[in-house]
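Following: one structure in structure tokens, then a few remarks.
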């Protein structure tokens, strides 16, 4: 389905016009003394024209980078290196080749790839052709990939050779449900590999470097389609627009403290919220993209040492990987490395160990629906002298919205009233602003529910502190209600992480005939340690109210998304099955 066709499924244009989100709000208003608005648009010289208005689009970041930083290194992947001038030419060739293959404005182009140069180039080449980029989770199986290709109606899919078999099975499944098959373009690492599929470098060679970029007609035109990770439910297609990506790109650069020419190590998957919009952000600052196909502790330390990495990001699991790396895999850092982490706040021990290793960790918060990062726990100098435990407690807050987001608040979901800033009253985290998604693709009902009340409802529960900083307590689906008491799984997990033998932990509710549900902890232990469930439960009871301590402990690896987030819905299913088993035994 062409995004810009008459059958475009979203009904948001009129909604967002009423909410001041479209172009007519650029009209200048003059407020007279009597309070009535008088339009200045009719005044001579104040008309919108090509000299004073161009639709915002992150495409422009690459064009500027190729002029300002033309001969500076843009992308490094093993022995492969490109300059910003070469990257622009490759992206123009890619856009030209897509047009030759029949791609038109609004068509969807999918990609299934690791953090490799082609993945980076697709973030510019596809929108330069006027098309919409759909980045697919590399951990999805063939059935899921097939379903997402059917839902998105992608015309072309670019596939990293590592996932070729998964893609072929997915296309075979797709052929059984629809006659429309996307063209497969294979991305190779080595010329020694042969395939009957069209190959990426060959496709680029067929394109023209003088290609005339197809720019958005309207900055609210879609630029990417991102499917949610499915941590709590089935994936939804989240639509980003050119305006939102432009604004969130600049905001994320600011959040990350990126000056000119940073060196960024790609430990965040580029498919996840388009790499938190830093795929475009590195071009904006003329930085260097250090591509890493597989994230490992040794790969991280080696890359930092060799390439003098200044910035990186990742879920708390990446930080856990770093601090628990064997001594023989570690290397001294050439300087302090800035790390942005999302998701739940890292445990104090992890923060302390990261600082000792030479990393400075900043905590951000956001969702796929907010283009990735939306808030930051902005650090204040007066906190530097606090003990580590107090610093970690403050850093665990999600803070306040960044400059590109209009507002974040904690509100009572029924009355929509803002909760008091007492650090105790729970409500739902809500956003509004230009860096909130356009909506869910082909799902107007879900979009309407998400935007009900004029705010984007995250489904996360949190509190607001006296300084206005918010703190997320749990997902609304993850909160445990035991005997009428609300239990924040994040608080229980924080205690579990403080146990010296615990590497990873996740807590969900297990059905209970008497209490309704009780906390069930899934724990992965560090190598070489050995503790039993009773010890873990006793440890928690010494540090938590009795009703919050886990009553069940399961030792196993935790199911993860490709971004390192624990798939709690999988654990809830296991806990539910365990609850049924316990009842049968009783």
Tilt relative to the chain, helix 84-100 - C-alpha long axis, 0 to 90 degrees, to 10
70 degrees
With a ≥ b ≥ c the root eigenvalues of the C-alpha gyration tensor of region 54-293, is it rounded (a/c under 1.5), prolate (a/b larger than b/c) or oblate?
rounded
Distance from the Cα centre of region 272-307 to that of region 437-504, in angstrom?
29 Å
Highest mean packing first, using Cβ neighbours within 10 angstrom, the peptides 242-255, 287-300 sort as 242-255, 287-300
To check you understand DSSP bridge types, tell me what percent of the beta bridges within the chain (both residues inside) are antiparallel, rounded to 5.
55 percent
Full-stretch length increase - residue 68, residue 417 - with 0.36 nm per residue and alpha-carbon distance subtracted:
120.8 nm
Helix 117-128 against the longest principal axis of the chain: what's the angle in degrees, Cα atoms only, rounded to the nearest 10?
50 degrees
So, relative contact order of region 478-585 in percent, Cα under 8 Å, 6 or more apart, is 26 percent
Residue-averaged 222 nm ellipticity for the chain, from DSSP H runs of 4+ at -39500 (n - 2.57), nearest 500:
-9000 deg cm²/dmol
Classify region 304-369 from the C-alpha gyration tensor, please: rounded if a/c falls under 1.5, else prolate or oblate depending on whether a/b exceeds b/c.
prolate
Relative contact order [Cα under 8 Å, 6+ residues apart], region 209-343, whole percent:
21 percent
Post the alpha-carbon centroid distance, region 155-169 to region 400-417, in whole angstrom.
40 Å
Out of all DSSP beta bridges in region 54-293, what portion is antiparallel? Express it as a percent rounded to 5.
30 percent
Euclidean distance between Cα centres, region 75-154 to region 516-572, Å
39 Å
Could you grab the relative contact order for the chain? Cα pairs under 8 Å, six or more apart, rounded to a whole percent.
11 percent
Yeah, region 475-570 with a ≥ b ≥ c from its alpha-carbon gyration tensor (a/c under 1.5 is rounded, else prolate when a/b outruns b/c, oblate otherwise) is oblate
Angle, helix 59-68 long axis vs. longest principal axis of the chain, Cα atoms, 0 to 90°, nearest 10?
70 degrees
For 49-56, 275-282, 78-85, ranked highest to lowest by mean beta-carbon neighbours within 10 Å, the order is 275-282, 78-85, 49-56
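Read-outs: derived from the displayed coordinates by stated rules, not from any lab. Since we're looking at a predicted model, the values are computed, not measured. A quick note on method: Cβ atoms are made from the backbone with ideal geometry, for glycine too, and the neighbour counts reach across all protein chains shown.
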